[in-house]
Amino acid sequence: MRTRLTDRLPGHVRNRLRPAGGGASPGWSPTPALRRALVVTLALLVAAVLTGRVDLVVLATPFAVGTSAALLRRPRGLPTVRVGAAEGQDPAGGSNPGGANDLVEGSDLHVLVDVRAADAAYDVALVQREQPPWLRDRTRARTLAAAVPADAGTRFTLTGQLARWGRYVVPPVRVRAAACDALLTCAPVTSDSVAIRVFPRTEPFAADEAMPNAAGLVGVHRSRRFGEGGELAGIRHFAPGDRLRRIDWRASLRTGELHVAQTLSDRDAELVLVLDVLHEAGRSEGIDGAPSVLDTTVRAAAGIAQHYLGRGDRVRLLEYGGRNRALRVGSGRRHFVAALEWLLAIRAGEGPHDPAAGIFARQILPQQALLVVLTPLLDRRSVALLARLARSGRTVLAVDTLPDSARPDRENPWTPVAFGLWRLERRNTVAQLLEHGVPTVTWAGAGSLDQALRDVSRRAAAPR
């Protein structure tokens, strides 16, 4: 029967290796340095006894004293590891909508790893981590090392760039520590994982054109109706019920009769964003690379929602796909954060039933709302949806989200010809939608919808 090396040690040495309550120190094991020190000490003592040489005892004394003194400072517990995101980060490309652990894609994520020693100092603590695909590492060393003082902690900082929006989990880190002059080492301690939300980066979208149709009297869009507002419509005679502050004194003194300034009412509008996620195309290469259909759809929806919600309009989001989710209509900053969280859960795919039959049967769309459909136009059902919405008398605008880098998955000698024919057919589909009153524009950031909204507003103002 084989015996362990520690079983052959003297009793006082074995007691040094045990905690006060008896038994071996939990999670700590001797290193090869401790084994070498014990072997050298025993060999010198045995040689001194056999040969009767006192100088060998003198040589063994430093090894025995040094080992015993180091083991007096042995730890009685494993290190404590805590992982969290840095507080108060300033993400690049936008503000932090939700909180400390909510970031924007393209910004830097700083992960703080706190290693704390309970009762004894650690000579060195090694932090090992995994590299997730959604985080571009900015920390060159895969393993970080530092000393940990007694009754204190050491903080390690791991930095990486967030490559894409979504909900992620920071993988746990593994920490190993060495103590007692590297005579003891602990078993790997694994930290907890940290869940973070990476919001899509909203491009600086701006639409200078007013809404084609508006409802209510609390918004900022100029309507074609007279009322309380800031846009001058003309000057007319004073009538009972007119406010005195509306009197135009120049015209009144010139004509000798009271005249008032007539204004156009400022009205809010409702925007309905329909996200076509029946199919995914293209390869997502992160914030600095080529986008996929889902990337373009989510970023465009976030930018458009941020623009109109910042102006006081009401925004509703509908998912045209397998799950047919819907976000209720709302306005303001809180609704924008809710829209971003809603966008994080979006997934591409189709279900067993017609998506239009479920989503538009439950959702009642106002007749005066502006419908912006973000679609790659890859499915005939999407084209039929646009035509059906246009025939219902609503104002519809299609935004093309198919990236230029999208190509067929399978390649053969006939692929370029077939792909070119499909492109021609897609152009014909866009032209047919325009004949039905549905303009299609390609998403290109700021000012993408200005010309289309200008045409739609002109068409809405014309008599029907």
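The values are calculated or read from the model by the stated rules, or taken from the named source; none is laboratory data. Keep in mind the model is a prediction, meaning the values are calculated, not measured. Positions of Cβ are generated from backbone atoms using ideal geometry, with glycine treated the same way; all protein chains shown enter the neighbour counts. The accessibility values were calculated without ligands, DNA or RNA, using every heavy atom of the protein model including side chains. Shrake-Rupley method; radii C 1.70, N 1.55, O 1.52, S 1.80 Å.
Annotations for the structure displayed:
- 12 Å beta-carbon shell around Ala125, net charge (K/R +1, D/E -1): +2
- Extension gain for Ala150 to Leu72 (0.36 nm times residue separation, less C-alpha to C-alpha distance): 26.7 nm.
- For Gly420, the shell of other residues with beta-carbons less than 13 Å away shows a net charge of +3, using +1 for Lys and Arg and -1 for Asp and Glu.
- Among residues other than Ala150 with Cβ under 11 Å from its Cβ, the summed charge is 0 (Lys and Arg +1, Asp and Glu -1).
- The accessible area of Ile196, taken with all protein chains in place and a 1.4 Å probe, comes to roughly 10 Å².
- Label-point separation in nm, Arg328 to Gln432, each point 7 Å along Cα→Cβ: 3.9 nm
- Between Val40 and Leu344, the simple spin-label model (points 7 angstrom out along Cα→Cβ) gives 5.5 nm.
- Using the Cβ-Cβ distance between Leu421 and Arg454 with R0 set to 41 Å, the FRET efficiency works out to roughly 0.80.
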